[in-house]
Each structure stands twice: as structure tokens, then as C-alpha cells.
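Below is one structure, written out as C-alpha cells; comments come after it.
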């Protein structure tokens, strides 16, 4: 009798544990509970029979029965936790518009400047600031462009009136810097070698149309030391272009002339719109990025350096221009950068 | 400046079998920048071959390349083809020695050299087809054989020439005289295109005995124009000072093919070649006969330039060793004469590069570009690194912008310029602003001294399509006239406008600014009541740090906001970023975390409207002493239950001891003491809360 009951209890236990493994829902849990642990369940049925056993065997069977009951209940509770709490359902319209969290936007120019700055920081350039209102000397003369030199025509320069006090002396002409290069000689005057600087700043030219704005930004690089060579310039610009434009775009150096560098060249990048095939936005597949070259001996001299001992290179490119070529963001009119239509600014 | 080069004409000087496409590809990276190649339609095609015209950009230092031969020489050097020059018979010398022409230079500095000759029996008529069609392809209009030949030679050699009708000159004893002099005061000239100019005394003219017959190096005059009736001509081949040509051309707004070349600097050396070439063509195609001695007035001879060249400079500047033999070949193909002297070379610069080539660097550039920049291997800098690291000021700029963007503000970039009109809208005059001498328009006439007007203008432009505008800008303003250069000071300004916005916007903006200052590590600031040009009386707070005013925050005067068509409250701030920078700090120190719990009580009080929170706070702190950890503002309210002229304040006082657990009873005692002093000393009514 007793052994029979013990066997039965063991059987119930193993059957129940097997069942429990297959359970996947709350409803199945409930039927499991009723089937095994309920008042009329299998375990209860077996327990009832204990009292019919001989007194001597009753304690053994009773202990076993309690053990089985405890094990099954523990297993049942564990399973219940893994299946989860109640079966409550809620409804959320996940397509309903969320409240707008007011997020501001950095201006496109700031974003571009940060990107450019970071690339040059990585190769050891120090960033500087120089005046935007500058004397003719630093903007032109010190850069190997004597007064009335035709090369000055390339810059549509704004002139600034001197205060009456200085007008009388008629000493200096003031300009709004038409390029960041006006910082070159100041840098050499104010800092010991080696120089490895960048100057990212506002520039001004008397032009306004879809490709020109009277105020724009340039980034300038100037490196001066003994042993600076053309191949360094080529390497630095190549590095910049790779970081800025990515591997897919090619650059070329096209010989050009600037008064303040010798040798000089302009850098072109394959047009991002036509992928170098040639379109109406580029010159036979190439878009012009900007000029560069080895610092002219006269500029080195103006900066107090001996061109026999020291060499250098410089470049100055348009921030907006480079950014437009990078991203193909399709801004049709450069003036939009400075119209500050919030609908425009919020797109970036 | 660009020049048009017809392909088949080019081949005459630089014979090559390459197609125009291949030529374009190969020369563009070596200094002959072909911007476009145009295929010419059949009617203009010469000799059945297809014709192309190259549109080439020529840099300002290379007027010699504004010519067929100049371009052919460059292309030849790149393609390693030999240059073929026109054969020119020598100028005949066996002409009757009787005086038939006189030339006098009165301004040798402005006109270093003048070649002239008289031709008789000239038959003026249309040019031969070959010459006319070439001129047209190169963008010049054929006029008559005499004029066309001078233009043809200009296109070939880059040297402008001119022809005068000798019989239309005012003469004495029938001998034409050419005088190169400055214009006289009030003198006038009518040019070939029927424009009349009044001349200034610094302008150089070609004149006969009586009056100017040409603006030297710029344009011929009507007086001695070559016409179909012309029988005798004087041919001019001269050199003029580039600056003088440039100034005159600018002042008169008269730019011509001749002036564009002269102003870039042509050499007085070797004028004989184009002169002889023109004479040869004139004799062939106009039947003209040389009838005077060819006169060459050349008061001060120019010597060809010589440059000492150390071949190691190639390596020094480029970082790559181009073989010396290759370097010499390149220089020679460009017309330089190379003479080796021990370790050095002495290089004679060709006449057409007289103004352009100044030193070794120029030679290295020529060698490098013909060799090919693309063949040089780039490398990263392997030289010394500057000692300094990144300057913090740019980090602070970044951080400031990021904080404001995080607060929902949009960054704008407005022009540094400001107009009188915009200034007036903010009650300013332009008297202190720096003025642009040559502005693009009135909109861009002055440099600004304040960013806020520009921000108001941005708000105005955006108001109709916005419910709310939150903008800021970090830019320089231009101050002071007490030194030659103005003081450029960075300012950070912001604007907040909202439809139906109330004065509460002031507090919200204050929160934005304080959050900004907190993020920049500025804690020692005090807001003070202030006055300002732009802000409404009473609605202004100035930011003060160690006794210095470094900015303000306030509500814009309604008269000004309505100037910008903005209804409702507009709050602005303007911070002197330059000065503020000195107080930014990234330094942080550890503060021990409180060990014991705090006890706090809320308090609702009613005080006179004009009692400042600052007074309430300091009163509480003073009477609560050390146990008051902080006084927290919860809300200010006005309304029915508060009588007129008063306001309700809801606040929380947090008590804590750093030495032990504070008992509630203990805190209550202090709290009561505070309530008492608020009542007696500030006339506060306590509302039970």
C-alpha cells in the first residue's frame, strides 16, 4: 500500500514537472494549477489516501507527500515569474505625434568649422585669431603685393574709413580682410618657430550673387620652419581632403599663381554632383577648392625670417565652399547661409 | 584673364599629333589651365579639319601667355615638342636717310621704349581670309588689313601694336612727329569707339605736335584712325609702364586687350621681333612700303635678367630630387639660357618673363610644374611640433554654443555690416560706427557695435512663420577709434520671442543665461538693476562680475520691437564674451556629500511687490545662520487673494547640520525665528501653508 502510494507521488511529481516545461501562457498555468495543485487536483487526491495507510508507514509517506507538494509549488512559482505578471493589455497609438522637444541647431558654418578644425588639430596645428579690420600692410603689402599691383584686383576689397584723427596723418589704409592670409606675417612676428597654425575667420569681398556673399569664412594654414617642403604641403592637404571628403573623392594640384606663394597651385576635388564626369557646376569634373603654395621669400622676409634658412607653406580655402562640395547638400544659393531663415537653419 | 586659342593655329607653332582632348588633359595639370574646349561648327572650319578653340585661364603674372606663341611654348615644354617660330625677314635698313618721321619720348619712365616706322602706299581693305578667320576664332572682330595685322601680331606674340594714319597728324614741314608725353590739363581725346575722355595730367598719351592721337597702351584716337582712305601709316611697337597703364585704365574705366597686357608688365626687351613680324605682314598684305628709317627710341637700355641658381634648391623646396638634366631641359624648353658654373648655374631669364621671374623659387616652380606636381609624393609633417597646445578660447566658444543649442536656441550668422536704417530702428545713430568707404549698398555701410539689432532683424524676417523664435550669435563687434585698428570684441547675444509672450519670458531667459554661466564655471556673478539703450525702463538686469559690468539681460522697448513688427515681449541678452572668458573655469573640486539628512519646511508669504527676492533670501539666511542650507524659490503669485501692490511668494527652506542629524523640533525653532524676523523686519504676512 505504502510503496504504491509513494510510487504514485513520484509519478505525479515527474509528470507535473514535465508538463510545466511545456507551459507558455497564463491560462495554461491556471489549468496546471487546477490539475496538480488544486483542491481536487492529483496531489490532493493522493494526499487523501495517506490517512488510509497503516500508522507505521504514514509518517514516511506524509513527509514525502509534503516534499513533493513543496517542490511542485516552488517550481510552479518560478515558472509563474518567468511567464510574467498579469495579462493586462493596454493600447498606445504609437503613430501619434510626440510633443516636440525644443532642440536648437548650430549654424552650418559652425558645424563646418568644427569639422575642419578637428582635422588640423589632429596633425598638430594651433588655432589663432587675427584682426578682421586690418591695415593694408598686413592684408597686401607684406604678402608681396605692393600698392597698385594688379594681383590686388583678384580681391574685391572693402576699405574702411580711418577715424578723423588718423585721416589727417594719412598713414595707413584700412581694409576688411579679403582673406585669412593677412594673419601670416602677424603670426611670424608674434610667435617663435616652429609655426604650425590655422586661422579660421570671417573674410569680406565686394561681391554678392548666388555664388558670392560679402562676408564668408576661410581657413588658413601656415607652417614655417627649417626643412618644410612642397611634399609636406601636398601631404597635409591630401590628409585633410581624405578626412574631410572621404576616400571616394580625388584631388589634383593645378599650378596657379599667387603673389604670396611660390611655387603655387590650386587644389581641385572631383565634383561630388557628377562624380567627376563633368557637369554645369564644375570644370570638366573638377571643382576648385582653393589655393596653396610655398611661402614666398618676400613674405618670409616680411615676417622677419631668412628665406635661405627657413621655408614654409600656406593655404587658405573657403569654409562654405568646401562644405558645399563635401556634402552635396544641394544649397542652390550661397546667400542662404546668411539670410537666417529659421526653416533653413533647422534643417541642419 | 582668359585667352582663346584656336587649335589649328596653335599647331603651327607646336606641331603635335595629339588630339585636342589629349592636349587638354596633359597640359592642364602643368600650368596651362584649359577651362573649356569648344568645337567650332563647320562653316568656320579651316582646310576641312575640325577646329577647336581652347579657353585658357592665364594668371596675372604671365602676360606672355596671353599669346599663341606663349601658350605654344608652354605646351611644347610639357609635351616635349619643339617650338616652331614664324620666319621673319630682317627689317630693311637701306631706306633713304631723309627725315620722314620723328619720335620723341618726354616721359622715359612711363615709356621706356618706342619703335616706329613710316609705311607708304598702303592699300587699306579687308584682310586675307586666313587672318580674319583666325582673329574671329580668337574672339576679335576683323576691321581692316592694317588693324587686323597689328591684332594678329598681338595674338601671336602678346605685344600690342598700333597703326596711325600719318596724314591725319598735325605736322610741320610735312614730317609727322610722334611725341610721348603726359596729358595737359583739360586735354581731351576721342577714342576709336567715339568715346570722349577728359584727361588728367598723370595720364600718358601719344600725341602729334598739337593733340593726343592715342591713350598710350590703351586705345587709339579717332584723330589718326586708319580708314579705307589711309595711304601712309606709322606703325607703333612700344613699351609702357604697367602701373601707369593700370591707373589710367582704372580711372577712365577703359579696359582693352592692349591695356590688359601692358598692365601686367611686358618687357621692353626684344620689341624688334613683333615689330619686324608686323612689318613683314603689312608689306605682304597691304602693299605698304617702308619709307622711313625704323626708329627705336630707347633712352635707358634694359638688361636681360640673370639669376644664380643652386640646383640643391630643388630638393630644399620640393623635398623630391628631380634629376638635374631634366631640370635643365625644362628650363631650356621654356626659353631660359642655362650656364653651368661649378656647383651653381647662371640662368638668363627670357625677355617675356622679365617681370615675372625674380628668384630661385620661380625657377623651382617652373621645373616642378612642368615635371608634374602629381608626380611628387606627399608626406605628413615630420618636423618640429609647436610647443603650445590648443588655446582654450575656442573650446569655450564651442561649449557656450552647445549649451545654448541644448536650451533650444538656434545659432545665426548675420553680417558684420549694419545700415543706418537698422541702427535707427534701435535708436542709434551711426556716428561711432566704422564706415565702409566702398560699400556694396546702404545695407552694408557700417560695421556694427552691437549684435542685438541684427538679431531683431532676424526675428522680424522669421516672425510670420514662427510661433516662437529663440536665436543667438557669437561674433565680433568693432569698437573704438582711439587707435588705427578698431578693438574687435567678441560678444554673445541671444533673443527670445514668443507669440503672446509675457514678462515671465524674462525669467525664462534669465534661466538660460544662468545655465550658460554655470556650464562655463562662472559662479561669482551678481545681477543688478540697470539701464540700457535697447531695454525698457525697469526691465533690465546687468551682469556684474567683480564690480565689472559684462553684459545685460532685458525686455526690449516696445517702440523698438514695433519697429521690427514684433508684437509681445522680446527678451534679449548680450554678453561681452571677451571679458567673460577671463572668468570661465573648467576647474572642479570635490565637495563632501552630506552625511546627515536635511529637514525642510515650505513657507508661503505675502510681501510688497517691490521687495526683491534677494532681500527675502538674505534675511532668511541671516536669521537662520548656519543651519539654513538653502532657500529655494518655488513660485511667485499675484491674483484675487493677494491685495493690490503685493505679491505672494512660495518658498522652501532647507535646514541641515554638517555635524549631526538635525531634529525636526530643532529646525522648527529656527524656522519660527525666521518667520518672526520676516514679519517684523520686512513687513511680511505669513500665509499658512
Measure of size requested: the Rg and Dmax of the stretch B:212-264, with Cα atoms as the atom set and Å as the unit; please supply both.
12.2, 36
Between residue B:586 and residue B:489, what is the label-to-label distance in nm when each label sits 7 Å out along the Cα-to-Cβ direction?
2.7 nm
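Out of every Cα-Cα pair in the stretch A:199-287, what percent are more than 16 Å apart? Display every interim value, and only then the final one.
On the way: 2657 of 3916 pairs.
The answer is 68 percent, as a whole percent.
With an 8 Å Cα cut-off and a minimum separation of 6 or more residues, compute the relative contact order for the stretch B:307-374 in percent. Each step should come with its number before you reach the end.
Details: 68 pairs, mean separation 26.9, N = 68.
Rounded, it is 40 percent for the stretch B:307-374.
Which order, highest average first, do A:141-153, A:212-224 follow once you tally other Cβ atoms within 10 Å for each residue and take the mean per peptide?
Values: A:141-153: 17.6, A:212-224: 22.7.
Those peptides, ordered most packed to least, come out A:212-224, A:141-153.
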On alpha-carbon atoms, Rg over Rh for the stretch A:2-83 using Kirkwood Rh?
1.02
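Is the stretch A:231-276 rounded, prolate or oblate when judged by the Cα gyration tensor, a ≥ b ≥ c being the square roots of its eigenvalues, rounded requiring a/c under 1.5 and prolate requiring a/b larger than b/c?
Values: a/c = 3.25, a/b = 1.60, b/c = 2.03.
Note, shape of the stretch A:231-276 comes out oblate.
With an 8 Å Cα cut-off and a minimum separation of 6 or more residues, compute the relative contact order for the stretch B:451-506 in percent.
Details: 69 pairs, mean separation 21.1, N = 56.
Reported relative contact order: 38 percent.
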On C-alpha positions alone, give me the angle between the axis of helix B:145-157 and the longest principal axis of chain B, in degrees, nearest 10.
60 degrees
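Across every pair of different alpha-carbon atoms, what Kirkwood hydrodynamic radius in Å does the stretch B:151-244 reach?
On the way: mean 1/r = 0.0728 Å⁻¹.
When all Cα pairs of the stretch B:151-244 are included, the Kirkwood radius is 13.7 Å.
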In whole percent, the Cα-Cα distances of the stretch B:2-79 spread across 10 Å bins from 0 upward as 20, 58, 21, 2
Rounded to 10°, Cα long-axis angle of helix A:108-122 versus longest principal axis of chain A:
90 degrees
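Could you work out the equivalent-ellipsoid semi-axes for the stretch B:13-170, taking the square root of 5 times each eigenvalue of the Cα gyration tensor, largest first, in whole Å?
Values: eigenvalues 234, 82, 45 Å².
Its equivalent ellipsoid spans semi-axes of 34, 20, 15 Å.
For the stretch B:60-132, what is Rg from Cα atoms divided by 2.2 N^0.38 Å, rounded to two decimals?
Working: Rg = 18.4 Å, N = 73, 2.2 N^0.38 = 11.2 Å.
Dividing the Cα radius of gyration by 2.2 N^0.38 Å gives 1.64.
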Which translational diffusion coefficient, to the nearest whole µm²/s, is obtained for the stretch B:214-369 from the Stokes-Einstein equation, given a Kirkwood hydrodynamic radius over C-alpha pairs, 37 °C and 0.692 mPa s?
175 µm²/s
I need the semi-axes of the equivalent ellipsoid of the stretch A:122-281: take the C-alpha gyration tensor, multiply each eigenvalue by 5, square-root it, list largest first in whole angstrom.
30, 21, 14
Rg and Dmax in Å for the stretch B:392-583, alpha carbons only: what are they?
16.1, 47
Mind giving me the nanometre distance, one decimal, between the label points for residue B:596 and residue B:510, set 7 Å out from Cα along Cα→Cβ?
3.3 nm
Let me see the P(r) profile for the protein assembly as shown: every Cα-Cα distance counted, bins of 20 Å, each bin given as a percent of all pairs.
10, 29, 26, 17, 11, 6, 2, 0, 0
May I ask for the percentage of alpha-carbon pairs in chain B that lie more than 38 Å from each other?
61 percent
Over the stretch B:472-610, the quotient of the Cα radius of gyration and 2.2 N^0.38 Å is 1.30
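To the nearest 0.05, what FRET efficiency results for residue B:467 and residue A:328 with a Förster distance of 41 Å applied to their C-beta separation? Mind showing how you got there, number by number?
Values: r = 32 Å, r/R0 = 0.78.
After rounding to 0.05, the efficiency reads 0.80.
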Value of D in µm² per second that Stokes-Einstein yields for the stretch B:554-617, Kirkwood Rh from Cα pairs, at 10 °C (1.306 mPa s)
88 µm²/s
Peptide B:402-410, shielding by other chains (average Cβ, 10 Å cutoff)
4
Given R₀ = 60 Å, FRET efficiency for residue B:666-residue B:482 by Cβ-Cβ distance, to 0.05?
0.45
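At 25 °C and a viscosity of 0.890 mPa s, what translational diffusion coefficient does Stokes-Einstein give for the stretch A:114-162, taking Rh as the Kirkwood radius over Cα pairs? Give it in µm²/s as a whole number.
183 µm²/s
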Ratio Rg/Rh, restricted to the stretch B:346-405 and using Cα atoms, in which Rh is the Kirkwood radius
1.34
Any idea how far the Cα center of the stretch A:231-247 sits from the one of the stretch A:261-283, in Å?
15 Å
Could you work out the Kirkwood radius for the stretch A:39-164, taking every pair of different alpha carbons, averaging 1/r and inverting it, reported in Å?
25.7 Å
Rg to Rh for the stretch A:219-348: what is it, with Cα atoms only and Rh by Kirkwood?
1.05
Expressed as a fraction of 2.2 N^0.38 Å, the rule-of-thumb size for a compact globular protein of N residues, what is the C-alpha radius of gyration of the stretch A:44-113?
2.82
For an R0 of 22 angstrom, estimate the FRET efficiency from the Cβ-Cβ distance between residue B:188 and residue B:227 and round to the nearest 0.05.
0.55
Taking only the alpha carbons of the stretch B:307-374, what extent do you get along each of the three principal axes, in Å, biggest first?
29, 28, 18
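So what is the 222 nm mean residue ellipticity for chain B from helices alone, if each DSSP H run of at least 4 adds -39500 (n - 2.57) and you divide by all residues, rounding to the nearest 500 deg cm²/dmol?
Working: 19 runs with 199 residues, N = 689.
Calculated mean residue ellipticity at 222 nm is -8500 deg cm²/dmol.
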Over chain A, equivalent-ellipsoid semi-axes from the Cα gyration tensor in Å
85, 24, 20
Looking only at other chains, what is the average number of their beta-carbon atoms within 10 angstrom of each beta-carbon in A:223-230?
6
Using Cα centres only, tell me the gap between the stretch B:270-320 and the stretch B:389-451 in whole Å.
54 Å
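What whole-number value in cubic angstrom gives the convex hull volume per residue for the C-alpha atoms of the stretch B:599-687?
Values: hull volume 7.0 nm³, N = 89.
Here the figure is 79 Å³ per residue.
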With labels modelled as points extended 7 Å from the Cα through the Cβ direction, what inter-label distance (nm, one decimal) is found for residue B:302 paired with residue B:518?
7.3 nm
Distance-filtered residues of the stretch B:358-387 - backbone nitrogen under 17 Å, label point 7 angstrom along residue B:344 Cα→Cβ
B:358-364
For chain A, the longest principal axis of the Cα atoms and the Cα long axis of helix A:2-22 enclose an angle in degrees, to the nearest 10, of 20 degrees
Would you give the gap between the C-alpha center of the stretch B:1-24 and the C-alpha center of the stretch A:206-228, rounded to a whole Å?
34 Å
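From the helices alone, meaning DSSP H stretches of at least four residues, give me the mean residue ellipticity at 222 nm for chain A, per-run term -39500 (n - 2.57), in deg cm²/dmol to the nearest 500. The partial results should precede the final answer.
Values: 12 runs with 129 residues, N = 348.
The helix contribution divided over chain A gives -11000 deg cm²/dmol.
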What shape does the stretch B:102-297 have by the C-alpha gyration tensor, where a ≥ b ≥ c are the square roots of the eigenvalues, rounded means a/c under 1.5, and otherwise prolate means a/b greater than b/c and oblate the rest?
rounded
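Per residue of A:90-103, how many C-beta atoms from partner chains lie within 10 Å of its own C-beta, taken as a mean?
Working: counts 0, 0, 0, 0, 0, 0, 0, 0, 0, 0, 1, 1, 7, 6.
The per-residue average across the peptide is 1.
Quick note: the coordinates plus some simple rules give every number you see, no bench work behind them. All values derive from a computational prediction rather than experimental measurement. Heads up, the Cβs are rebuilt from the backbone with ideal geometry, glycines too, and the neighbour counts pull from every protein chain shown.
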